[in-house]
Each structure stands twice: as structure tokens, then as C-alpha cells.
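Novice: Below you will find the structure I want to go over with you.
The values are calculated or read from the model by the stated rules, or taken from the named source; none is laboratory data. What you are looking at is a predicted structure, and each value in this text was computed from that prediction instead of being measured. A quick note on method: Cβ atoms are made from the backbone with ideal geometry, for glycine too, and the neighbour counts reach across all protein chains shown.
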Amino acid sequence: MAICFASPWRTLLSGSALVLLAGCSTLKVSSDYDHNADFSRFYTYRLDSVSIYDERARLDSDNTLAESRLANTLTAVLREKGLRQVKDPKMPVDMRITLLADTRQKTQVYATPNLMAGLGWGRRPWGWGIGYGADFSSRDYTEGNLRVDMFSQPDNKLVWRGWARAELNQPYLDAERLMEAMRGVFSGYPPAPALAPPSKP
């Protein structure tokens, strides 16, 4: 469950969704990699698997439409990165790639702070006080997740992992948003080579 704290004076509209503060944006991407791997030697890959899971974490092996859409988008983005897909299982490749996608039901809670001041009369002279509270509201939504793993060959070592998370307004990401998410996943690929330590005089 995610909680977003919002000021009643600061809201912004992003597409058709009301977003409260930047911390609650609907698309988040990240990646991690082996800092010792030499990514300059990776040119070819084989897409080993595309796995899709439903909201109950069950493998949806019959969803060939989504599987094809994901595979084609991944292939297009990797082509932009200069990587070439090899489909012949007998041909050697530099990397083996797997793709996983799932959906999850989430609840987001919004807290809007309230500042209250009061003035009163009692046995003593006039007095005043300040109170602080918050109004809470919540909504349920569907979250879609992508994860791409790259394994160097022939040692089959995980050298790169990227993932994306987005709110879904429908059971699947449309082609435009899927491409945006996949490009976001690979925005940091290939990683910049590590700088060599300075030589001693």
C-alpha cells in the first residue's frame, strides 16, 4: 500500500490521472548491473522466455497476444541499442535474455493535512488554539510490472537487470506506453564503463 501526502494547494494533472506530488508518478523504471562485466563485447542475444503472470501470480501461458506484443517491443528497443536477435538455437550468442510481466492489485492512500485555529471565551480572558489533522482517502488500482534479465554466455551469469512499474488503466499497456516503459528500462544501457584507478607515480 502506498501513501501520498498532498498539499491542498499543490495538485497537477498528468494525462487522465490526477497525480499528487512527484513521488506518486505512474511510471517508474530502474536497473542494476554487474560492474565487472564488459558490455562492449555483447552484440547478439537470444530471447529465451516471455513469462506473463496474472493478478493471482498464475502463469498466463495462453496470453499469446500480450507475449507477442512484449517480445516485439523488447526486440525493437534492443535493436535501437545495437543488439541483434538470433533465433536459431544452435547458433552461439553473447547473451541470453528473459522477460517477465505481471499485474498486481494495489491500494493508494492519500493524506491531505488540515490546519485548524480556534478562538474561545472562558473564565479567563480570550484564548486561542491550533490543531493539526489529516483527511484520508484511498483508491484501488492495477499495477503492471516488467522485468528484463540479461545473462552473459557461455557462463550464464546475470549481468544486467532492468524493471518498470506503471499504473494500468486497462488490462494491458497500449503500444505507446509499452514502448515508453521498455525504453525507460533500457535508458541506462549499456552502462558507462568503470573508470580505471589512477596510476601511482
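Novice: If residue 144 meets every condition in (1) surrounded by 16 or more Cβ atoms within 10 Å (Cβ to Cβ); (2) modelled with pLDDT of 90 or more; (3) closer than 16 Å to residue 50 by Cβ apart from one, which number is that one?
Specialist: Single failed check for residue 144: (2).
Novice: In addition: Could you tell me whether the stretch 50-59 includes any residue that is closer than 30 Å to residue 91 by Cβ, surrounded by fewer than 12 Cβ atoms within 10 Å (Cβ to Cβ) and at pLDDT below 90?
Specialist: Scanning the stretch 50-59, I find at least one residue that is closer than 30 Å to residue 91 by Cβ, surrounded by fewer than 12 Cβ atoms within 10 Å (Cβ to Cβ) and at pLDDT below 90, so the answer is yes.
Novice: Let me ask another. For the condition of a type outside the set (S, T, N, Q), modelled with pLDDT of 70 or more and out of contact with any strand residue (DSSP E or B) (no Cβ under 7 Å at 6 or more places or on another chain), what is the one hit in 92, 125?
Specialist: Values: 125 fails: modelled with pLDDT of 70 or more.
From the options 92, 125, the qualifying one is 92.
Novice: Can you find a residue that is touching a residue at least 24 places away in the same chain (Cβ under 8 Å) and more than 22 Å from the chain's Cα centre (by Cα) anywhere in the stretch 59-80?
Specialist: So far as the stretch 59-80 goes, no, none of its residues is touching a residue at least 24 places away in the same chain (Cβ under 8 Å) and more than 22 Å from the chain's Cα centre (by Cα).
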